Amino acid sequence: KQSYQRRVAITAGRNALKYKVLWGTKQALHHYDFDYIVKTDDDIVVNLPVLITDLIALPRDRYYTGNCNMKYGDFNGYPKWKYCSGGGYVFSRDVASKFQELP
């Protein structure tokens, strides 16, 4: 079992959320072996047995789900794509790697 702990001072608020998610994803990629990341707000309850059962049946690549209704991009040469927001979302390891390429 791997143990890793690090304290980082990050500004609170909506403007810092992108950087917190990207930093956490980068740390997970570097320090852990995983198939999926589940990101939730601190006030969300997750039924882990159901989530795990559902994830076992899903593909382990190109997987990104949640409330994916928001549009991003379509400016300065960036393609338009949907991103997930809200109380929680799930993405596979390869998607986590792609996140690290975002500006």
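Specify which of the listed residues (Val50, Val46, Val38) is modelled with pLDDT of 85 or more, on the phi < 0 side of the Ramachandran plot and open to solvent by 70 Å² or more (accessible area, probe 1.4 Å).
On the way: Val46 fails: open to solvent by 70 Å² or more (accessible area, probe 1.4 Å); Val38 fails: open to solvent by 70 Å² or more (accessible area, probe 1.4 Å).
Of Val50, Val46, Val38, the one residue that is modelled with pLDDT of 85 or more, on the phi < 0 side of the Ramachandran plot and open to solvent by 70 Å² or more (accessible area, probe 1.4 Å) is Val50.
Could you tell me which of the residues Lys71, Lys20, Lys1 is outside any loop (DSSP other than H, G, I, E, B), among the charged types (D, E, K, R), loosely packed, with under 14 Cβ neighbours inside 10 Å and modelled with pLDDT under 90? Before you say what the answer is, go through the steps one by one.
Details: Lys20 fails: loosely packed, with under 14 Cβ neighbours inside 10 Å; Lys1 fails: outside any loop (DSSP other than H, G, I, E, B).
So the residue among Lys71, Lys20, Lys1 that is outside any loop (DSSP other than H, G, I, E, B), among the charged types (D, E, K, R), loosely packed, with under 14 Cβ neighbours inside 10 Å and modelled with pLDDT under 90 is Lys71.
With the structure loaded, tell me whether Gly86 is open to solvent by 30 Å² or more (accessible area, probe 1.4 Å), among the small types (Gly, Ala, Ser) and modelled with pLDDT of 70 or more or whether it fails that test.
yes
The values are calculated or read from the model by the stated rules, or taken from the named source; none is laboratory data. A quick note: this is a predicted structure, and the numbers were derived from the prediction, not measured. Here the Cβ is made from the backbone with ideal geometry for all residues, glycine too, and neighbour counts use every protein chain on show. Areas reflect the complete protein model, heavy atoms only, side chains present, ligands, DNA and RNA absent. Shrake-Rupley method; radii C 1.70, N 1.55, O 1.52, S 1.80 Å.
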